[in-house]
Each structure stands twice: as C-alpha cells, then as structure tokens.
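Working notes for the structure below.
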Amino acid sequence: MKTLTAKNSPFSERPFYADSDIEKMCTTELSWVGLLPSVPAPIRIDRFVEKRFKLVPTYQDLGDGILGLTKFTSQGVSEIVVSKALDDEGGETAERRVRTTLAHEAGHGLLHAHLFVLATSDHSLFGDFGDPKSPKVLCRDETVGESGYRGHWWEYQANQVMSCLLMPKQLAMEAAKPFLESRGLLEIQMLNPSKKRLATQELATIFNVNSIVARIRLEHLYPETNGQMTL
C-alpha cells in the first residue's frame, strides 16, 4: 500500500491501492474464510462479514438516505450496520442492495480500519459522529454502488472492494465468456457490444447483484474507449 497527499480530506495523506492489489486482496480474503466459489455463484457476503470481522451485521433505523455504517475502535471494526428500512423493503432489488451495502461496508473494514487509530475525542473522522469514542463511516444512498457520488476517495475505494468481493475477477470473467468475442491479431477476448445488455442481466442473476453493479464490473473488466475495446 502507498500513500498520497490528500486534499479535502480528514487526513493529510490517504492510502492508495492499485486495482490489481484490491482484486488480489478480495480473492485472498474470500479464500481465507472458505467463501470463494469454484464456479460463478453468489458470494455469501453476510457470512464473509461474520467470519472476517467476527461480528454479525445489525439492522437499525439510520435515517433517510443512509444505507449503512461501519463503526471502528482502535482494535478495528466493531460493528457493521445496515438500514432496517432497506431490509424491510423486501424483494429481489432490496435484497441485492443489502448485499451491496454489506460488501461496501466490508470494504471500509478491509481498507480503512487502520485510519481510525488516529481518532480522538476532538478529531472526528469522516463526518458526523454521535459518539466521538465510536468513530464510524456513514454510507449514504448516493455512495454505494453508483458511479455518480461525490468523489470521496474512501467511498470510491469501498466501492472497488464491493465490486471485487461480490464478483471476483476470475469468476466474473468465466461467467462473461459466452458474451465475448476475439479482437485483433492476438485474438484478445473482449465483450461483444451487442451482447452487453444481456451479459449484464446474466451476471446480475448469477452473482445476485443489481444490474448497475454487474454493468460497472463488466465495464471495468472490459473497458471500451472511442468505440474500441482496449486492454
């Protein structure tokens, strides 16, 4: 892990993780707790949270627009909370949003726990803390799983982990094979633009995520620039 100078941040520096580092970390973490499937399938993200952080997620009233939060102590993650209102919605879409929120919060736990060692009673981190002795990350509706949030680096990083935990690279690429085509002299496998929508729907079903999560993951694995697929 490297650090960079941070602007508009609670810290003078922020951790930097290369995409490859996050991909490898998520695959390794899932393997360590025995939750990396051998074939494309939904990740048991609730069980991952339980085994990795030694806690059971709770569901509480968090207020409008807040999907979840992660609480920290100097020893690491102490609690992961999901919006009760979101859980109470029921249905496939709400279930998948709960899964996304859990994975996003797990991202904060994996990447940012060490930052909260710096928390003190007069130096709050990441926003509004009701109890300065229990610092936490509040994750609002526009930050989890979407590409148009406010650009806070800690939310962007948590979303990267969310994507890699719910759709591990090798499994996602395996599931995408029917929608690929060979390009160029090297016959590089790229996503067929005419099959992108179908691929998104299929991978959303396979990994039990909402379509936007599957679409963003496919765009990351198979980026397109100026109408041409690139490595």
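Nothing in this text is a laboratory measurement; each read-out follows from the coordinates by a stated rule. Treat the numbers as computed from the prediction; the structure is a model and nothing was measured. Here the Cβ is made from the backbone with ideal geometry for all residues, glycine too, and neighbour counts use every protein chain on show.
Determine the sum of side-chain charges near Ile22: Lys and Arg each +1, Asp and Glu each -1, restricted to other residues whose C-beta is under 12 angstrom from that of Ile22.
Summing Lys/Arg as +1 and Asp/Glu as -1 gives -2.
Please give, to one decimal in nm, the separation of the simple spin-label points placed at Tyr17 and Val56, each 7 Å out from Cα toward the Cβ.
So the label points at Tyr17 and Val56 sit 2.7 nm apart.
Where the Cα atoms of region 170-229 are projected onto their three principal axes, how long is each span, largest first, in whole Å?
Computed over region 170-229, the largest-to-smallest principal extents equal 36, 22, 18 Å.
Would you mind putting 190-198, 165-173, 31-39 in packing order, based on average other-beta-carbon counts within 10 Å, highest first?
Per-residue Cβ counts within 10 Å, averaged per peptide and sorted highest first, yield 165-173, 190-198, 31-39.
Please work out the FRET efficiency for the pair Thr73 and Lys24, using the Cβ-Cβ distance as r and a Förster radius of 30 Å; give the result to the nearest 0.05.
0.65
What is the packing order of peptides 211-224, 56-69, taking the mean over residues of other C-beta atoms within 10 Å and listing the highest first?
Highest mean packing first, the order is 211-224, 56-69.
Restricting to DSSP loop positions (anything but H, G, I, E, B) with no more than 14 other Cβ atoms inside 10 Å of their own Cβ, which trypsin sites (Lys or Arg not before Pro) remain in region 20-89?
Answer in residue order: Lys54.
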